[in-house]
Every structure is written in structure tokens, then in C-alpha cells.
Number of protein chains: 2
Amino acid sequence: MDDQTTSEAKLSGPGPVNERIVRDLRTRLMRGELAPGEILTHRKLAEQLDVSPMPVRDALRQLVAERALEVANGNRSVAVPRLNHAKLHDLKTIREGVEGLAARLAAERWKPHELAQIEAILAETSDGAGSPDASRNQRFHFAIYAASQSQVLLPLIGSLWLQFGPYLPRAGQLAGGKIGAGDKYHREIVEALRARDADAAEAAIVADIGQAMDLLLTHGLGDTGSGG
Amino acid sequence: MDDQTTSEAKLSGPGPVNERIVRDLRTRLMRGELAPGEILTHRKLAEQLDVSPMPVRDALRQLVAERALEVANGNRSVAVPRLNHAKLHDLKTIREGVEGLAARLAAERWKPHELAQIEAILAETSDGAGSPDASRNQRFHFAIYAASQSQVLLPLIGSLWLQFGPYLPRAGQLAGGKIGAGDKYHREIVEALRARDADAAEAAIVADIGQAMDLLLTHGLGDTGSGG
DNA sequence: TTCCCCAAACTGCGATCTCATTTTATGTAA
DNA sequence: TTACATAAAATGAGATCGCAGTTTGGGGAA
């Protein structure tokens, strides 16, 4: 039967199947489409995506290595990690340190087209009124980190984001889309970048991260939070 | 090559085969037994280790995700990454930031048995005279980072170390085993930890890292260094 | 000797299958 | 109704196989 029962075949983009699965899962994690604690098995995912379990296995192993997923039940299966208060607070501390460093470097090293890109993303926010897009916030931050010119730093930050990604939309709903919507800190960041002021850039990023992570700490850890 | 036929089966320790391969490759990377630029193919490695290519494939994918290895020739094969001067300098900067943060946290959070462990590792150095063991240096650093109590930070630092690991022994030889052998900064670190002085701990770690990475920058990038 | 073309070998990717182990469901006995 | 033993289902790990794309090496022609 070629008529599939449900909505499969969402794998888009170039590259091998396993890479497309990784991209797909990364996107779904950052969109909150995968709930913390959710179990991902090779065969079920493979059936959903209409591929064999093999590239799924590759993709899951890679995401586990990136700390975007974790092994559960011994080696039994892979799951979306649950975060308790302590872990989320830890994540906040490390994000402030690591992304603060990235902001410092970006302030010292950005090139004109990179600052233009950052400003363009910030401008997107002000045209539409009620679109608290988490993706826009993400693109804003990573445009800055890319301007740090550090090939070493970017994967580290990517791993950090994937770890709290599943909790973003839940807190976003409860907080009325405050995360990344209030542009106050973002404007401060751009201003600091433009002035090549590393200290101010770090301070603004730390403030932005602190506000966002405090929202997660307050509203993100609902009933399903600290179970495992 | 006659030694190929008998030099297999070095996989020790518990767990699935793929995990043992990961451990084995990690150890070999940190010991400099794998040269930068060296190509690792599924089948050859599988034959060496006397396993099927499947767990090797899993292990290589995981190490690529950790940036300990990289894909070469498109998607053709996996190789030990080569570092050029810029990349190594980038690594130095990020190490100073990230491991400096870890030292700060460790100074604030260490528990008695952890400080005792750190001091014990430092004491090892002074008993034996001429053993500039890189492994001891590594254990010293990671004992400190473990005392940071940050589950998020440790994997990040582990990834950083694997990236410069292949260059450590070469610089170690040329520098006469200076890396990790001069205990000056290590003693400063322990002193700062004991005093719960986060600033001093960070400064001492940064000095230690700076000295080690400068050695790598000076002596580690020989002829085979900046190829890719 | 030099250049070029084609065949053989090699490589990673993906599919399929088996197996040991664990989880889950079922049915029986207390 | 509850407790437990047993069967059935599910799962990850690993082995084996085939395929498409690339590299490589050898042989023939100029």
C-alpha cells in the first residue's frame, strides 16, 4: 500500500538520510514538538519517517552525543531529556559564561555584513506586531555567535540550546511569548556590538539569557518537569 | 605487514562494543597514537579491532559529533582533524573561557573529598621524578572540573580536549615534557581552590592553559600541521 | 616517456535479518 | 480481587549484504 496512513516523509533538504533525520529532529526539538520524557525508538521513528531503522539509529546516536537526547532505561531506548530545577539552573550559568564569551568575541571581530545581518533580524521583530517567534530569537543569537568567528564555540552553543529547546515553547506560552519578544536586551546587544564594546555586549547577552532562563525556571518546569 | 594479523582485540572494559570502541579511540587520541590527518575507515578499523564495521561506524559517528574526528573528502571517510594556527589559537581562547569558568565554579563548590582528590593527583607528580605524564595532567584538570558540579560543562570540556589531544604528545616531546610537568600553576590552582578564591582559580587555570597552548602553537604545528 | 581511459577496488550509506534482553500482556492460582 | 508465573511483543546491538559514487592503478595509444 503506497498510501501511507499518517503524515510521513517530512525529511527535506540535501544530504544523506541520516543527516536529514538529524536536521528534522533538531528542528522539532527547538520547536517543542518533542516533549521532555518522550521515548524515541528506532523502529517507530523509522516507520514515521518512512525509512529503515538504520539511519534513524545513526541520527539518534549523534543527537545523544550532542546531549540533545539521552539514553533511558539503561541502554534500552533514547528519550528527550527531562530537566529539573538544578539542571536548568546549571544550564543558565553555563549559557551565561559561554554565550557571554561568544558575545565578547563577536564585539571584537564582527564584519560589516555580519552586523548588517544581525540588525536585519532584529528589524524583523519590529515590523510584525504579535509574532513572538522563537526561531527569530534563535537566529538573532546565532548570527551574533557566528560573528565571533569561532569555529570551536558554535557547536558548543548549539549543544546547549538543544538541551533547553524542548522547554522553550511551554514557557513561551505561559509567559505570553516574552522570550525573545521584548527587544530591550537585543537592542542593547546590537548597540554594544556596534560600539565594539565587549564588556557591554557580554553584559547585555547575560541579561538576555538570565531573563529567558528565569522564565523557564519559573514557568517551564510544570508537572512533567522533574519526573525522571 | 605481519603485525596486522596479531595486533587486534585491544577493546577492554564493560558495555557494548561501540562504547568500547569509543573509549579506545578517545584514549588513543589523547595519547597521540592517532596522527592528525590519519584516515579511519569502517572496514579497516573493524578488521584491526576484530569486530564488524557496524559498531565502528557508530563509534566514529559519535566521535565526529564530539568534534574529536571529522569527515574528510566529502562524506568519503573520517579523519583525525588537522589544526592550523588559527584553529589552535581559537581553541586556546575558548579553553581559557570555558575551563576558566569551570575553575571559578569549582572554587565555589568543591567538596572536601574532591579537593583531597585534586591534591592527591598533584602529589603524584612530586613523587616520581621524570614522568611528565600527560594523563596525570588530564586527570588533574578533570578532577577540578568535576568539582564544578556542572553536568553541563564537563562534556563541553571533554570535546575541547579531544580536539587538541592529537597534538599534545608531539609538542610534549619537543618541549621536553613541560606540559603539565611544571607544577607552578597547578599549585596556584590548588591554593586558590582551597581559599575558595574564584578569581585566583580562574587566573591560574587561564595561565596554565595559556602556557600549554602556547607550547602547542610554537612546537606542535610541525610539517604535518596545517595541511587541510 | 607522457597522457588518457577504463576497469577494478574501495568507501560510506542504507536495508534486512538474527539474537539476547527487557518490557508488557495474559491467564491461572491463591 | 490480587499476586505471580509464563508467554508474547518490543527493543537495541550487531552482522551481513547490496548499491552508488569515488578513487586508483594499469595498460594502451600517441
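So, of the residues in the stretch B:60-69 that are outside any loop (DSSP other than H, G, I, E, B) and open to solvent by 10 Å² or more (accessible area, probe 1.4 Å), which turns out to be nearest to B:ARG170 (Cα to Cα)?
B:VAL64
Looking only at the stretch B:189-228, which residues are at pLDDT below 95, open to solvent by 40 Å² or more (accessible area, probe 1.4 Å) and either within 22 Å of A:GLY97 (Cβ to Cβ) or outside any loop (DSSP other than H, G, I, E, B) (or both)?
Scanning the stretch B:189-228 gives B:GLN211, B:ASP214, B:THR218, B:HIS219.
Please go through the stretch A:130-183 and give me each residue that is open to solvent by 10 Å² or more (accessible area, probe 1.4 Å), in contact with a Phe, Trp or Tyr (Cβ under 9 Å, 6 or more places away or on another chain), at pLDDT 90 or above and away from every other protein chain (no Cβ under 14 Å), ordered by number.
A:GLN138, A:PHE142
Tell me yes or no: at least one residue of the stretch A:70-89 is open to solvent by less than 60 Å² (accessible area, probe 1.4 Å), part of a helix (DSSP H, G or I) and among the β-branched types (Val, Ile, Thr).
no
Just give me the residues in the stretch B:25-47 being within 13 Å of DNA strand D (Cβ to nearest atom) and more than 21 Å from B:GLY222 (Cβ to Cβ), in sequence order.
Selection gives B:THR41, B:HIS42, B:ARG43, B:LEU45, B:ALA46, B:GLU47.
Among the candidates B:ARG57, B:ARG104, B:ARG28, single out the residue that is in the same structural domain as B:ALA201 (by TED's automatic domain parsing), basic (Lys, Arg) and outside any loop (DSSP other than H, G, I, E, B).
B:ARG104
In the set A:ALA59, A:ALA79, which member is within 16 Å of DNA strand D (Cβ to nearest atom), closer than 28 Å to A:LEU221 by Cα, within 13 Å of chain B (Cβ to nearest Cβ) and at pLDDT 95 or above?
Only one candidate passes the filter, namely A:ALA59.
Filter the stretch A:90-106 down to residues that are of a type in the set (Val, Ile, Thr) and buried (at least 21 other Cβ atoms within 10 Å of the Cβ) and give me whichever is farthest from the other protein chains (Cβ to nearest Cβ).
A:VAL98
Can you name the residue in the stretch B:35-56 that is open to solvent by less than 40 Å² (accessible area, probe 1.4 Å) and farther than 25 Å from A:LEU60 by Cα and is also farthest from the other protein chains (Cβ to nearest Cβ) among such residues?
Among those that are open to solvent by less than 40 Å² (accessible area, probe 1.4 Å) and farther than 25 Å from A:LEU60 by Cα, it is B:GLY37.
The values are calculated or read from the model by the stated rules, or taken from the named source; none is laboratory data. Keep in mind the model is a prediction, meaning the values are calculated, not measured. Please note: Cβ atoms are built from the backbone with ideal geometry, for glycine as well, and neighbour counts cover all protein chains shown. Remember, those area values only see protein heavy atoms, side chains included, never the ligands or the DNA or RNA. Shrake-Rupley method; radii C 1.70, N 1.55, O 1.52, S 1.80 Å.
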